[in-house]
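Chemist: Okay, handing you the structure first.
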Amino acid sequence: GAAALDAASRANSFIEEVKKDRRDVKKRREALRSAALERGWPIENTDAGDYVGPFKVEHSEGLSRVTFGGYLVVTIKQPAGIEIVEALAKENQKLGAEARRGWEEFARRALEVQQLMSANGPVPWKRLVREVVPDEKKRKHLGRALCYRLALLLSPEGLDGWRAEAVPPSLAEQSEAVSVPRLDKAKSMERIAKVRLIPPPSRRPEAEAK
């Protein structure tokens, strides 16, 4: 009886110690930094939170909250550092899949609208999106995917052969600009007012005319 009670007491003490560790934000952030660097994620630590690749991670004793370009991605209850990194990898894949879903139809329509707005110059991104997705509720629902889609287009890899050239906003264009995280850097946001979508060579008008 006494041995069983002693074992139960030790088990409870261990559980309490783990819970205490999980609430320790300083330890969690140190473990996150170590795990992120080990997995090859760029990371920047600030007083406001940790920037891991294109994500921002904010912590409290009870949870860690992950955002991408201002959009909530996931909240994790009292995670270990490695669990946050694993969640980021999973969410990054999910966002990539969301961005690609419906992309071909969006790209086809966006190319038509872009050509009507300007023969070869950059066009306002928000206006382009409004023309392609006129339903406001649908645009709001797609907000996160559209943000990641633009981040992919601006990245060196592009999106299925597509790229975008971006123009930052002037002072007068601030309200029509968007903030897009860089996918290859930590704590790096680009302010963008206008873009020029560049299709793969096979989709360009001169190729279709042949």
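The values are calculated or read from the model by the stated rules, or taken from the named source; none is laboratory data. For clarity, every value in this text was computed on a predicted model and none was experimentally measured. Positions of Cβ are backbone-derived with ideal geometry, glycine not excepted, and every protein chain shown enters the neighbour counts. Ligands, DNA and RNA are stripped out before the accessible areas are found, and what is left, the full protein with its side chains, is counted by its heavy atoms. Shrake-Rupley method; radii C 1.70, N 1.55, O 1.52, S 1.80 Å.
Chemist: What are the residues in the stretch 60-76 that are open to solvent by less than 20 Å² (accessible area, probe 1.4 Å) and either among the hydroxyl-bearing types (Ser, Thr, Tyr) or more than 22 Å from ALA151 (Cβ to Cβ) (or both), if any?
Modeler: Scanning the stretch 60-76 gives SER64, THR67.
Chemist: Only residues that are farther than 21 Å from VAL52 by Cα and among the small types (Gly, Ala, Ser): list them for the stretch 144-186, please.
Modeler: Of all residues in the stretch 144-186, those farther than 21 Å from VAL52 by Cα come to 159-177.
Those that are farther than 21 Å from VAL52 by Cα and among the small types (Gly, Ala, Ser): GLY161, ALA164, ALA166, SER170, ALA172, SER175, ALA177.
Chemist: Hey, PRO79 hits all of (1) farther than 23 Å from LEU146 by Cα; (2) open to solvent by 40 Å² or more (accessible area, probe 1.4 Å) but one; which does it fall short on?
Modeler: Result: PRO79 fails condition (2) only.
Chemist: Separate question: Since VAL132 meets every condition but one in (1) open to solvent by less than 40 Å² (accessible area, probe 1.4 Å); (2) under 13 Å from the mean Cα position of the chain (by Cα), which condition does it not meet?
Modeler: VAL132 satisfies all of (1) open to solvent by less than 40 Å² (accessible area, probe 1.4 Å); (2) under 13 Å from the mean Cα position of the chain (by Cα) except (2).
Chemist: Right, something else. Here are some residues: ARG28, ARG10. Which one is of a type in the set (Lys, Arg), assigned to a helix (DSSP H, G or I) and at pLDDT 90 or above? Write out each step before concluding.
Modeler: On the way: ARG10 fails: at pLDDT 90 or above.
Residue meeting the stated conditions: ARG28.
Chemist: Looking at the stretch 68-88, I want the residues that are touching a residue at least 24 places away in the same chain (Cβ under 8 Å) and have a partner that is assigned to a strand (DSSP E or B) and among the charged types (D, E, K, R) with Cβ atoms under 8 Å, at least 6 apart or on another chain. Which pairs are those?
Modeler: That search, which allows pairs on different chains as well, returns PHE68/LYS56.
Chemist: Could you please find all residues in the stretch 93-105 being touching a Leu at 6+ places or on another chain (Cβ under 9 Å) and surrounded by fewer than 19 Cβ atoms within 10 Å (Cβ to Cβ)?
Modeler: GLY96, GLU98, ARG100, GLY102, TRP103 - these are the residues of the stretch 93-105 that are touching a Leu at 6+ places or on another chain (Cβ under 9 Å) and surrounded by fewer than 19 Cβ atoms within 10 Å (Cβ to Cβ).
Chemist: Can you pull out every residue in the stretch 81-123 that is small (Gly, Ala, Ser) and within 21 Å of the chain's Cα centre (by Cα)?
Modeler: Of all residues in the stretch 81-123, those small (Gly, Ala, Ser) come to 81, 87, 89, 96-97, 99, 102, 107, 110, 118-119, 121.
Once the filter is applied, which keeps residues that are small (Gly, Ala, Ser) and within 21 Å of the chain's Cα centre (by Cα), the stretch 81-123 yields GLY81, ALA87, ALA89, GLY96, ALA97, ALA99, GLY102, ALA107.
Chemist: Is it the case that GLY49 is on the phi > 0 side of the Ramachandran plot, free of Cβ contacts under 8 Å to residues at least 60 places away in the same chain and over 14 Å from the mean Cα position of the chain (by Cα)?
Modeler: Yes.
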